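Engineer: Mind looking over this structure? Questions follow.
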Amino acid sequence: MESPTYTQLLARASNSAIRRRRPLVSLTPLVDVVFILLIFFMLASSFSEQRAVALTTPGTAATAGESKAVLVRLKRNGAIDLNGEPITLNQLQARAADFIQTVGERRFLVQPDEGVELQGVVAVLDALHATGIQNISLIRK
Amino acid sequence: MKLRSTSERDYKEPAIVPLVNIVFLLLIFFMILGRITAPEALDVTPPFSTGGGQIDNQRDIVVLISADGRLALEDAEMEQDLLLSAVSKSLEEDPSARVRIKADSSLDAVTLIRLMELLKETGVKALLLLVERPQNE
């Protein structure tokens, strides 16, 4: 087979340049790096928005003034009672608001039973916070 | 012969540019919207809550408590007594320091209250519970 002449090579080169328009810098290493960065950010970043709720507990010593407080008890089976009156989580907000209007601002004590999950307690705290009650303490038996 | 080899090569290299465009968009999306956090000592899923305030930039003491009651301070898992003495030590340096508790959502609430009482006895003035905003709001 005869080797191609210079003009033939030139023609072939310009032909392929028009057809494929190869970039001067290869794209592939860039894509590799971008992929690695993408995977890093996908794995390392989180989209959850974290917030903080203030918690108070009277501690073991303080008992003064508790007779005037409102007691919200959480049972292990998910039942809630407000000063001994059984109530649902949806009713809690309205009942607590009523309570404040009739009796005035009170301290709320939230007392979960042994075995109640934290999520349930946070839901009750949310309902009370939504009513505008600021003075909430967590107590245990 | 030559014609066939060219068409074969064209077939093997599909257009890469649209792919790169999309990958770039994804990269920018994750870079801007994602928040990079260091891995924590314990696997803790905070409870969901619609309330709660923004976390300010104040330097808090972070206490983690997992669903089975294991404790960690900042990024080291430790026993309760050690943790309490470490907390009281950092309170000596900064008496107004708050303790931010990151508790698992399925933790027994009584365990948390017990921890809160112990922290309070140690001299902690303010306690915060870390919660997570529900995604579909």
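The values are calculated or read from the model by the stated rules, or taken from the named source; none is laboratory data. Predicted model only: the values in this text are computed from it and were never measured. Please note: Cβ atoms are built from the backbone with ideal geometry, for glycine as well, and neighbour counts cover all protein chains shown.
Engineer: For the range B:77-87, state whether one or more residues are more than 7 Å from chain A (Cβ to nearest Cβ), surrounded by 15 or more Cβ atoms within 10 Å (Cβ to Cβ), out of contact with any Asp or Glu (no Cβ under 6 Å at 6 or more places or on another chain) and assigned to a loop (DSSP other than H, G, I, E, B).
Structural biologist: yes
Listed here are the residues, each with its yes/no results for (1) modelled with pLDDT of 85 or more; (2) in contact with a Cys (Cβ under 9 Å, 6 or more places away or on another chain); (3) surrounded by 12 or more Cβ atoms within 10 Å (Cβ to Cβ).
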position	(1), (2), (3)
A:GLU2	no, no, no
A:ARG12	no, no, yes
A:ARG19	no, no, no
A:PRO23	no, no, no
A:LEU37	yes, no, yes
A:PHE40	yes, no, yes
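Engineer: Among the residues of the range B:88-109, is any assigned to a helix (DSSP H, G or I), of a type outside the set (Ser, Thr, Tyr) and either surrounded by 17 or more Cβ atoms within 10 Å (Cβ to Cβ) or within 9 Å of chain A (Cβ to nearest Cβ) (or both)?
Structural biologist: There is at least one residue in the range B:88-109 that is assigned to a helix (DSSP H, G or I), of a type outside the set (Ser, Thr, Tyr) and either surrounded by 17 or more Cβ atoms within 10 Å (Cβ to Cβ) or within 9 Å of chain A (Cβ to nearest Cβ) (or both).
Engineer: Conditions first: (1) more than 10 Å from chain A (Cβ to nearest Cβ); (2) among the aliphatic types (A, V, I, L, M); (3) not in a helix (DSSP H, G or I). B:LEU130 passes all but one, so which condition is the exception?
Structural biologist: In the conditions (1) more than 10 Å from chain A (Cβ to nearest Cβ); (2) among the aliphatic types (A, V, I, L, M); (3) not in a helix (DSSP H, G or I), B:LEU130 misses (1) alone.
Engineer: Can you confirm whether B:ILE55 is at the interface with chain A (Cβ under 7 Å from one of its Cβ atoms), touching a Lys or Arg at 6+ places or on another chain (Cβ under 7 Å) and more than 28 Å from A:GLY115 (Cα to Cα)? Steps first, please.
Structural biologist: Details: at the interface with chain A (Cβ under 7 Å from one of its Cβ atoms): yes; touching a Lys or Arg at 6+ places or on another chain (Cβ under 7 Å): yes; more than 28 Å from A:GLY115 (Cα to Cα): yes.
Against the criterion (at the interface with chain A (Cβ under 7 Å from one of its Cβ atoms), touching a Lys or Arg at 6+ places or on another chain (Cβ under 7 Å) and more than 28 Å from A:GLY115 (Cα to Cα)), B:ILE55 qualifies.
Engineer: Could you count how many residues in the range A:25-35 are closer than 30 Å to B:GLU40 by Cα and either at pLDDT below 65 or β-branched (Val, Ile, Thr) (or both)?
Structural biologist: Final tally of qualifying residues: 2.
Engineer: Another question about this same structure. Among what's in the range B:16-52 and is surrounded by fewer than 16 Cβ atoms within 10 Å (Cβ to Cβ) and closer than 17 Å to B:LEU64 by Cβ, pick the residue that is farthest from the other protein chains (Cβ to nearest Cβ).
Structural biologist: So the residue we want is B:ASP43.
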